1. How do the strands (runs of 3 or more DSSP E) wholly within segment B:1-112 filter down when requiring 3 or more residues that are closer than 30 Å to residue B:191 by Cβ and within 14 Å of chain C (Cβ to nearest Cβ): which remain?
2. Restricting attention to segment A:14-28, does a residue exist that is over 21 Å from residue B:234 (Cβ atoms), out of contact with any Leu (no Cβ under 6 Å at 6 or more places or on another chain) and buried (at least 16 other Cβ atoms within 10 Å of the Cβ)?
3. Collect the residues in segment B:294-319 that are more than 9 Å from every other protein chain (Cβ to nearest Cβ) and touching a Ser or Thr at 6+ places or on another chain (Cβ under 6 Å), keeping them in residue-number order.
4. Report, by residue number, each residue of segment B:138-172 that is touching a residue at least 60 places away in the same chain (Cβ under 8 Å), at negative phi, outside any strand (DSSP E or B) and under 18 Å from the mean Cα position of the chain (by Cα).
5. Any residue at all in segment B:201-211 that's within 14 Å of chain C (Cβ to nearest Cβ), more than 22 Å from the chain's Cα centre (by Cα) and touching a residue at least 24 places away in the same chain (Cβ under 8 Å)?
6. Name the residues in segment A:195-235 that are within 20 Å of residue B:60 (Cα to Cα), more than 10 Å from chain B (Cβ to nearest Cβ) and not in a helix (DSSP H, G or I), would you?
7. Have a look at A:154, A:176 and point out the one that is surrounded by 14 or more Cβ atoms within 10 Å (Cβ to Cβ) and in contact with a helix residue (DSSP H, G or I) (Cβ under 6 Å, 6 or more places away or on another chain).
Amino acid sequence: MVNLEELKENAKELLKQEKVKYIIGYKRGTNGLMPVPAFIKKPEDVENLIWDPLCIYNLTRFLVDEKRKKAKQKNPDERPVGLIVKGCDSRAVNVLLQEKFINREDIYIIGISCENTGVVDEKKLVKKLKGKKVKKIEFGKKNGFIVSTEDGQVEVPSSEILAERCQECIAHFPVVYDVLLGEKPKRKPDNPFKSLEKMESLSREERWTFWKEQLDKCIRCYACRSTCPMCYCDECVVDTINFAVTADTTAEEKAQKIKWVEKSPVLSENFVYHFIRAIHLAGRCIDCGECERVCPLDIPLRFLNKKLEKEAKELFGYDVGFDPDRPSLVSCFKEEDPEDFIR
Amino acid sequence: MKKILRKKSFLQWVKRLESYKIYAPMKDDDFWNFALINNPKDLNLNHSNTVLSPKKIIFPQREVILEFSTSNDSELEVKEILPEEKASIIFGVRPCDARAIPLMDKVFGGDFTDPYYWKRRDKTILVGLSCNTPPSSNCFCLSVEGSPHSKEGLDILMTDLGDKYYVESLTKKGDQLINLAKNLFEEPNAKDNKDLENIHKDSEKKIKRQIQDIKNIPAKLKEMFESPFWDEESLSCLRCGICTYLCPTCHCFDINDEIISSSPLKGKRVRTWDNCQFPDFTMHSSGHNPRSDRASRLRQRILHKFQYFIEQYQNYQCTGCGRCISKCPVGIDIIEVLNKVENYGT
Amino acid sequence: MEHNAYIPRLAKIIQIKEEVSGARPIKTFRTQFLNKNDFAFHCGQCTMLSVFGKGESMISISSPPLIKDYLQFSILKMGRVTSALHEMEVGDKIGIRGPYGNGFPIEDWKGKNLIFIGGGIGLAPIWSVLQTALGKKQEYGELKLIYGARTSKDLVFKEELKELKKKMIVHLSIDVEEPEWEEFIGFVPQNVTDKKPSPKNAITITCGPPIMIKFVIQALKDLEFEDAQIYTTVENKMKCGIGKCGRCNIGMHYVCKDGPVYSWAELKKLPQEY
């Protein structure tokens with residue numbers, strides 16, 4: 001079992017010895033039970049750190065902010081940032097390393113194993129408890145969670161409230177870390193692409209109808225893009241103007257920038273936005289599920305990314321985020337790559 | 001005008017209103033949203049807070065302002081496109097969302113009236129529903145001069161009294177709706193009035209969240225413009241647009257030309273919601289950006305609502321609906337931010 | 001029904017003059033409305049120009065209000081809309097809506113010495129007020145212009161400046177040395193310090209890049225100008241022009257409606273976020 005005190009001790013030492021600038025972890029929020037990201041700078045503040053089955057966020061996303069901030073500083077603090085990662089999050093770190101977006105020496109990785117479970121799906125939890133307020137949630141001894149409400153404690157099997165992505169997770173432990181808390185379990189899902197089965201059984205027309213309905217809801221708040229650690233581009237096709245514009249950018253360059261996607265949240269534009277994003281995540285998405293979780297309109301975005309993950313696996317034998325030294329999926333060509341889809 | 005409507009007569013009332021477009025909260029899987037009601041039977045007033053506020057009906061996320069084209073003899077033509085709206089009724093408006101409408105009226109009125117907004121606004125009747133229990137765990141209407149039974153902005157306020165609704169008409173528009181089905185309504189008796197009073201009083205006690213002392217906030221914010229506080233508070237902000245797009249009072253918009261054909265020229269100028277949390281919102285075409293970091297953008301959102309709007313219109317630009325708190329992907333909590341402001345440096 | 005503020009009136013380009021060529025080109029456009037011309041404005045006000053299919057851009061009017069035959073705009077090629085304007089030819093049509101903003105309080109300045117300070121394209125927004133004051137020269141004290149650009153080629157209104165020298169004091173500058181340049185070499189704020197204009201009974205009107213404005217204000221403060229004697233214009237990204245779309249605010253002020261003209265006494269009280 002992951003020991004929270006051990007986590008705090010580790011974090012405290014890192015800060016005391018000034019080995020890291022700050023540590024990105026989880027702390028209790030003010031809005032109900034959900035934790036919030038914590039940016040811990042002082043050793044005494046490590047007391048705020050928590051670890052429970054609602055520590056859903058992929059904190060790797062904040063490395064993007066850190067990099068942008070550092071780029072602006074004249075004399076940046078060169079020490080690494082401490083980062084708490086779960087298994088899926090650690091694979092996001094690997095992708096960022098693979099793409100040379102970050103350097104290994106700029107992060108100190110505190111890995112936390114999800115051991116035999118994973119994190120809870122907030123929406124499933126709310127449904128399961130039928131309006132009862134959760135006071136506390138912990139990992140159970142076996143494959144389950146201990147949920148405390150005003151009516152006392154119940155043990156809920158993980159199958160009922162575990163996030164779907166955790167049910168399909170192929171590595172419940174960090175694959176890259178400087179310190180690891182918890183054990184490395186040997187659990188493989190029966191079918192890592194099980195959630196796709198229903199969608200794949202639908203006809204082309206049915207799928208079209210489904211996605212039309214779903215993407216019509218999109219209000220283009222871009223929360224899916226904003227929360228994604230892979231959406232770090234300085235220039236994104238959906239923005240009217242972006243980080244890449246500097247005083248040296250010529251008027252021609254700005255004027256010639258094609259508007260690929262209009263700002264109007266209409267079906268055609270929403271489709272272009274979401275499909276461009278999905279394609280850009282092929283071979284990069286590590287299925288942290290954050291895009292789907294943050295969507296205020298519950299668009300099942302994970303389907304899109306999971307489908308492409310499956311394609312990458314089946315066509316190219318590519319697993320995302322296990323090896324930072326391996327060339328990325330879309331930047332390498334191999335003689336034996338299948339070509340039968342080119343017509 | 002104060003009336004009683006039996007719940008069993010509610011459907012009949014709605015049926016009498018068939019000459020209007022009717023909007024009401026509808027459940028879509030796990031959440032509620034306002035939608036056009038085709039069958040009065042779909043109407044259900046047991047909703048928790050809708051994801052989007054009814055502002056989207058009066059101020060839609062996208063609307064065409066004008067169309068332009070060049071004809072065969074290459075003459076440029078520009079055509080004004082105003083919404084041709086049938087009169088609408090929105091049922092089930094929560095008092096916080098209703099209070100947001102008069103705030104929008106101030107923005108879209110004034111020196112330059114906004115014809116697109118007013119075309120819809122003038123033809124919309126707002127029928128509210130008191131919140132006997134808070135529709136969200138983050139409701140804080142009492143802190144911003146509102147209440148779970150506020151009448152502000154509404155034409156009718158309905159309160160659930162169990163097997164009947166207490167229906168209070170507040171405007172002529174509201175009277176009209178009741179008059180269309182006069183026989184369905186009864187006069188409230190002394191007990192109804194007493195029940196109403198008790199339910200309203202009780203509902204206030206159920207609001208759990210609050211801003212400590214809002215009176216000092218605008219002045220405090222003014223002092224804190226340069227404070228490092230904003231850097232700290234915005235550390236986890238993802239710069240997404242949830243907080244503002246879901247807000248019932250946020251009104252910022254963008255205007256862009258959308259081309260259907262470039263030769264001959266044919267296209268539309270459209271207005272869409274825009275968002276102070278997006279970096280390109282204020283970025284000049286030179287690349288200069290007055291609000292280039294998350295801290296300045298979070299500060300803008302809070303200051304606009306709790307300082308600038310007060311200075312300009314003498315109201316808070318927040319009605320305490322709690323949506324920005326409930327839906328923030330990283331738990332940024334406007335109540336907590338303001339409570340920290342209140343205690344900052346003391 | 002009131003006029004819809006979002007609908008531009010159509011106008012025809014009747015003259016285009018290339019002011020500056022190269023990487024940062026500037027052109028001056030004269031336009032005439034297709035319909036009845038009853039467009040009235042104050043010095044320093046702006047209009048929203050439309051290139052249909054590209055969008056709108058807020059541009060200040062550089063012709064004086066007394067000229068009724070045309071409106072003049074001097075435009076630096078900067079983004080999508082201004083690039084499209086630079087592609088246009090005489091006879092092409094654009095949309096104009098406005099005028100917007102507060103304008104210069106020129107009536108309050110009667111009897112005072114006016115010192116105009118501009119950098120680069122920043123001469124355009126003050127050209128209207130400068131010409132207006134010049135046209136009623138007897139109503140004002142001494143008129144003076146301190147203007148500079150990166151190079152002599154980057155100066156706008158080159159011919160007009162030659163004419164202007166016959167009518168009022170003009171101090172020009174360029175940032176770096178060039179053969180045959182006989183006037184000041186250095187940045188505009190340095191030229192201000194060098195020429196030492198007197199604050200006595202004077203008003204200064206400054207427009208240019210934000211960094212120049214900042215240092216000009218500093219130079220003027222060093223010369224003991226009062227905050228209320230220093231006027232400048234602010235620009236921000238704008239979409240509606242009528243104080244509703246929310247992006248051009250400085251504190252509670254919307255630059256499109258409450259600005260763009262501010263005295264330093266007013267501007268310094270606002271949040272420094274522009």
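1. Numbers: elements: B:2-6, B:21-28, B:31-36, B:62-70, B:76-80, B:88-93.
In segment B:1-112, there are no strands (runs of 3 or more DSSP E) which contain 3 or more residues that are closer than 30 Å to residue B:191 by Cβ and within 14 Å of chain C (Cβ to nearest Cβ).
2. yes
3. So in segment B:294-319, the residues more than 9 Å from every other protein chain (Cβ to nearest Cβ) come out as B:295, B:297-298, B:301-302, B:305-306, B:313-319.
If the condition is that a residue be more than 9 Å from every other protein chain (Cβ to nearest Cβ) and touching a Ser or Thr at 6+ places or on another chain (Cβ under 6 Å), then B:295, B:298, B:317 are the ones that fit.
4. Answer for segment B:138-172, where residues must be touching a residue at least 60 places away in the same chain (Cβ under 8 Å), at negative phi, outside any strand (DSSP E or B) and under 18 Å from the mean Cα position of the chain (by Cα): B:138, B:139, B:140, B:141, B:142, B:143, B:144, B:146, B:154.
5. Here is the first cut: in segment B:201-211, the residues within 14 Å of chain C (Cβ to nearest Cβ) are none.
No: zero hits.
6. A:218
7. Details: A:154 fails: in contact with a helix residue (DSSP H, G or I) (Cβ under 6 Å, 6 or more places away or on another chain).
Result: A:176 is the single residue among A:154, A:176 that is surrounded by 14 or more Cβ atoms within 10 Å (Cβ to Cβ) and in contact with a helix residue (DSSP H, G or I) (Cβ under 6 Å, 6 or more places away or on another chain).
Rundown of residues vs (1) of a type in the set (D, E, K, R); (2) within 14 Å of chain C (Cβ to nearest Cβ), yes/no style:
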| site | (1), (2) |
| --- | --- |
| A:245 | no, yes |
| A:262 | yes, yes |
| A:277 | yes, no |
| A:288 | no, no |
| A:291 | no, no |
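The values are calculated or read from the model by the stated rules, or taken from the named source; none is laboratory data. Quick caveat: nothing in here was measured; it's all calculated off a predicted structure. Here Cβ is always computed from backbone atoms with ideal geometry, including for glycine, and neighbour counts include all displayed protein chains.
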